[in-house]
Amino acid sequence: MAGGRGTAAEEDENVDHYAVLGLASGEEGAKLTLKEIEKAYRNQSRIRHPDKRPNDPNATADFQQLKTSFEVLKDEASRCVFDARLRARRERLVRNSFLDAKRRKLATDLEERERAAEEAEAADPVKQDERREKDVAARLQEELAQFQARKAKKPAAAATSTSKSSEQVTKEENGGVALDKERMLKVSWETNLGDYTAVKLRELFEKFGGVEDVVIRSKASKKRGSAIVVMSSKEAAVAATHSMCGSLSNPLLVLPVQAAASDISSSFPTKSAEPVNPKLSNIIGAGFQDYEASIMKKLQKANDLKKNTQ
């Protein structure tokens, strides 16, 4: 019951008794005389009496509200309280309107500063390269995560022999992430010279060992295609990296997702212990894109030269 009375009180506070009687509200309503209020009440009573509206289910409640509003306004004390309440309500609306305008201005200023910062960043080549590198890194990480999810759904492979080295056991206990990346190859080609399907790539790479999976990447560029090839062993991935070239008319660029430093150093002995090409060891980013583009240009140039000599 207390809740019902509270709700009714809130509704009464929101009622404009002048408007209920069809009178002007605000400062104009406060200036009305008692005779003007009584006249308005009599006119509204004749129009809104329930006997005049037999088919209106709200007629009784509406007429009761009319009587309540008249009782408030005809009493001088209650009318003064009501006028003060109306005045406070108007002042609150003005104050809130001012605060809303201030908040809107702050929001507009913030949007302008953010837009200016974005424009400045777009005009800065260094910022553009950083943003492009982040986008490429995020895209490749997402593709790796999708591959790992698909791989996790496959039945677990049969247990290998107990002669595994401690290093291999440690890698498998950590989720096999390092081992998987050493067996994963990133393959790219020029699509305007012809396209490669997953079946064709599997046939080509099976010459170097077993192929677990081939994932054609979504084509972010119309001129270049790419894929992720997962070999069954680290040795097969290294062999394919050193030897795979694809069709002479449409050569393949093959790079490891994570280079196996021990295998690369044993396959390519050098005079001094030089570090692995940083562009190979960090294929995620703008550096790899530049390196990939230069290799593809060289392969294309060699192919064109061979055609001209023929």
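The values are calculated or read from the model by the stated rules, or taken from the named source; none is laboratory data. This one's a predicted model, so the numbers in the text were calculated from it and none came from an experiment. A quick note on method: Cβ atoms are made from the backbone with ideal geometry, for glycine too, and the neighbour counts reach across all protein chains shown. Areas reflect the complete protein model, heavy atoms only, side chains present, ligands, DNA and RNA absent. Shrake-Rupley method; radii C 1.70, N 1.55, O 1.52, S 1.80 Å.
At a glance:
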quantity	calculated
Rounded D (µm²/s) - region 13-115, Kirkwood Rh over Cα pairs, Stokes-Einstein at 25 °C, 0.890 mPa s	152
Under Karplus coefficients 6.51, -1.76 and 1.60, residue-wise ³J(HN,Hα) of region 104-119 in Hz, glycine/proline x	4, 5, 4, 5, 5, 4, 5, 4, 5, 5, 5, 5, 5, 5, 5, 5
Nonlocal amide H pairs with ASP213, under 5 Å, H built at 1.01 Å	VAL230
Accessible surface of region 29-144, 1.4 Å probe, proportion on carbon and sulfur as whole %	53
Cβ-defined net charge surrounding VAL215, 9 Å radius [Lys, Arg +1; Asp, Glu -1]	0
Cα-Cα over 28 Å, subset of LYS181/LYS223; LYS153/LYS223; LYS186/LYS222; LYS181/LYS207; LYS186/LYS301	LYS153/LYS223
Separation of alpha-carbon centers, region 47-125 and region 21-39, rounded to whole Å	21
